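The values are calculated or read from the model by the stated rules, or taken from the named source; none is laboratory data. These numbers come from a predicted model, not from an experiment. Here the Cβ positions follow ideal geometry from the backbone for every residue, glycine too, while neighbour counts run over all protein chains shown. Heads up: the accessible areas ignore ligands, DNA and RNA and are worked out on the full protein's heavy atoms, side chains in. Shrake-Rupley method; radii C 1.70, N 1.55, O 1.52, S 1.80 Å.
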Amino acid sequence: MAESNTDTKSSNQMWGGRFASGPDAIMEEINASIGFDKKLFAQDIRGSVAHATMLAHQGIISAEDKDKIVQGLNTILSEIESGNFEFSRRLEDIHMNIEARLATLIGPAAGRLHTARSRNDQVALDFRLWVKEELEKTERMLTSLIAAFLDRAEEHAESVMPGFTHLQTAQPVTFGHHCMAYVEMFGRDRSRVRHAIEHLDESPIGAAALAGTGYPIDRHMTAKALGFREPTRNSIDTVSDRDFAIEFLSIAAITGMHLSRLAEEIVIWSTPQFGFVRLSDAFSTGSSIMPQKKNPDAAELVRAKTGRINGSLIALLTIMKGLPLAYSKDMQEDKEQVFDAAESLELAIAAMTGMVRDMTVNTQRMKAAAGSGFSTATDLADWLVREAGLPFRDAHHVTGRAVALAESKGCDLADLPLSDLQAIHSAITDKVYDVLTVEASVASRKSFGGTAPSEVRRQIAFWRARN
């Protein structure tokens, strides 16, 4: 007897203190998903109402039972929304928690709800509905972010700033043009969101466990009731598909990357060394030891959120990569990744929209920086091609000599005397000075999509009509 007690004690120690009752407790811990899939309660109830209504319409269950089921489900919805619903881990998931409560409320009629469906197509439906709603929310948030950039672009269509390659001054551009670059980026993100909604707009309910059902159900009816374009066309693929979740995470990762690039620029621009922008107090913090500091913490955290989103994408791709058809329990691990990424993405877009709208732009500092680093050198080369007839490669060489001379004298190209420029090439006249200012440089870039204020305003008008 003592030996038996010792064995039991050793066994429990092996399982660990958290699992005092042994293997059963471990199985409950690893199997239960209610801790996170309770987020799907509204979608689960909505799907069940549509399913019950269809079953009654098809004569599979009685109208009386349908009415009881719908009334009970609406009661459960109110209980959950008011915080008066008790979730049980022993019931594993959101589906069984709701079904058990329904049985308590309406009795045997609750057992008819699961006719012609499985938890496999039920969770596919709930999750797909949730992702669709999240994509629609993301679309609205991206539209607001684009609108914020359009306002700043219009405000600064003529504000000159340095354009960079390799983070080195390249050519003058306008801040409006720079803002419009992000409009294009986030416009592509929104386009991907819209395509993803179109891709997932098929109803999984009715696929049952994997083979469909022998009951005379109407899947087109449930698809329409739930706002889907049509039902899915293969029951095996239906219950094993998580492409919609992976596509959401892919979009979130790309959008997060764009947000992170913007965040990096804001971090750089807000340093005293650049001083291009100043963030509002709402999106900055101070230092606990250095009173002069104003840290761009919101931008830095947006930059960091991208890592979490990328991790969620890789996690779900890894979960799905080796699964045979059709459903496997591994797929229970899909939701936490999507929920976490969605929360991170929402917060990042909201924070960035606020920063773009609130930040103060120092146009004088930008203009001063725009002329640094011989940023109008290309304009000199273009003038030599256009006015002196030089091949561009020769003009490039002449301009390089002019830049070297200005650098040795510690002045800008526009400050070089005409005699110095003519010593480099005799075809240069005093008209060259007309193109060596940053204002003239940006005004000349009138090619479609260029930085000239007139072209920036054209693109703003295009996006205003599109947004």
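Residue-by-condition table, conditions (1) closer than 30 Å to GLU139 by Cα; (2) at pLDDT below 95:
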| site | (1), (2) |
| --- | --- |
| ALA341 | yes, no |
| MET352 | yes, no |
| ASN362 | no, no |
| PHE374 | no, yes |
| THR378 | no, yes |
| PRO391 | no, yes |
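Here are the criteria: (1) touching a strand residue (DSSP E or B) at 6+ places or on another chain (Cβ under 8 Å); (2) under 30 Å from ARG357 (Cβ atoms); (3) without any contact (Cβ under 8 Å) to a residue 40 or more places away in the chain. Tell me which single one GLU184 does not satisfy. The one condition GLU184 does not meet is (1). Restricting attention to the stretch 428-443, the residues that are under 22 Å from ARG152 (Cα atoms) and open to solvent by 50 Å² or more (accessible area, probe 1.4 Å) total 1. Kindly provide the set of residues from the stretch 39-63 that are farther than 23 Å from GLY214 by Cα and open to solvent by 20 Å² or more (accessible area, probe 1.4 Å), ordered by number. Within the stretch 39-63, LYS39, PHE41, ALA42, ARG46 qualify.
The rows are residues; the columns are (1) in contact (Cβ under 8 Å) with a residue 40 or more places away in the chain; (2) in contact with an Asp or Glu (Cβ under 8 Å, 6 or more places away or on another chain).
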{"position": "ALA395", "(1), (2)": "no, yes"}
{"position": "VAL403", "(1), (2)": "no, no"}
{"position": "GLY410", "(1), (2)": "no, no"}
{"position": "LEU418", "(1), (2)": "no, yes"}
{"position": "TYR433", "(1), (2)": "no, no"}
{"position": "SER444", "(1), (2)": "yes, yes"}
{"position": "PRO453", "(1), (2)": "yes, yes"}
{"position": "TRP463", "(1), (2)": "yes, no"}
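Within the stretch 253-266, does at least one residue satisfy the condition of being of a type in the set (S, T, N, Q), free of Cβ contacts under 8 Å to residues at least 60 places away in the same chain and crowded, with 18+ Cβ neighbours inside 10 Å? The answer is yes; a qualifying residue exists. Within the stretch 95-130, the residues that satisfy the criterion of being in a helix (DSSP H, G or I), open to solvent by less than 30 Å² (accessible area, probe 1.4 Å), within 15 Å of VAL49 (Cα to Cα) and among the hydrophobic types (A, V, I, L, M, F, W, C) are ILE98, LEU102, ALA109, ALA110, VAL123, LEU125, LEU129. Within the stretch 296-315, being under 16 Å from the mean Cα position of the chain (by Cα) and either free of Cβ contacts under 8 Å to residues at least 40 places away in the same chain or within 27 Å of VAL239 (Cβ to Cβ) (or both) holds for ALA304, GLY307, ARG308, ILE309, GLY311, SER312, LEU313, ILE314. Could you tell me whether the stretch 420-427 includes any residue that is assigned to a helix (DSSP H, G or I), closer than 25 Å to HIS178 by Cβ and open to solvent by 30 Å² or more (accessible area, probe 1.4 Å)? Checked the stretch 420-427: no residue is assigned to a helix (DSSP H, G or I), closer than 25 Å to HIS178 by Cβ and open to solvent by 30 Å² or more (accessible area, probe 1.4 Å). Selection over the stretch 385-405 of residues that are polar (S, T, N, Q) and surrounded by fewer than 17 Cβ atoms within 10 Å (Cβ to Cβ) gives a count of 0. Evaluate the stretch 17-26: report whether one residue or more is surrounded by 11 or more Cβ atoms within 10 Å (Cβ to Cβ), modelled with pLDDT of 75 or more, touching a Phe, Trp or Tyr at 6+ places or on another chain (Cβ under 7 Å) and under 24 Å from PRO204 (Cα atoms). The answer is no, given that none of the residues of the stretch 17-26 is surrounded by 11 or more Cβ atoms within 10 Å (Cβ to Cβ), modelled with pLDDT of 75 or more, touching a Phe, Trp or Tyr at 6+ places or on another chain (Cβ under 7 Å) and under 24 Å from PRO204 (Cα atoms).
Taken as a whole, the condition of being of a type in the set (Asp, Glu), buried (at least 17 other Cβ atoms within 10 Å of the Cβ) and over 19 Å from SER159 (Cα atoms) applies to ASP382.
Counting only residues that are among the basic types (Lys, Arg) and either assigned to a loop (DSSP other than H, G, I, E, B) or over 26 Å from the mean Cα position of the chain (by Cα) (or both), which one in the stretch 250-295 is modelled with the lowest pLDDT? Looking at residues that are among the basic types (Lys, Arg) and either assigned to a loop (DSSP other than H, G, I, E, B) or over 26 Å from the mean Cα position of the chain (by Cα) (or both), I get LYS293. Residues of the stretch 201-211 being open to solvent by 30 Å² or more (accessible area, probe 1.4 Å) and in a loop (DSSP other than H, G, I, E, B), which ones? Within the stretch 201-211, ALA209, LEU210, ALA211 qualify.
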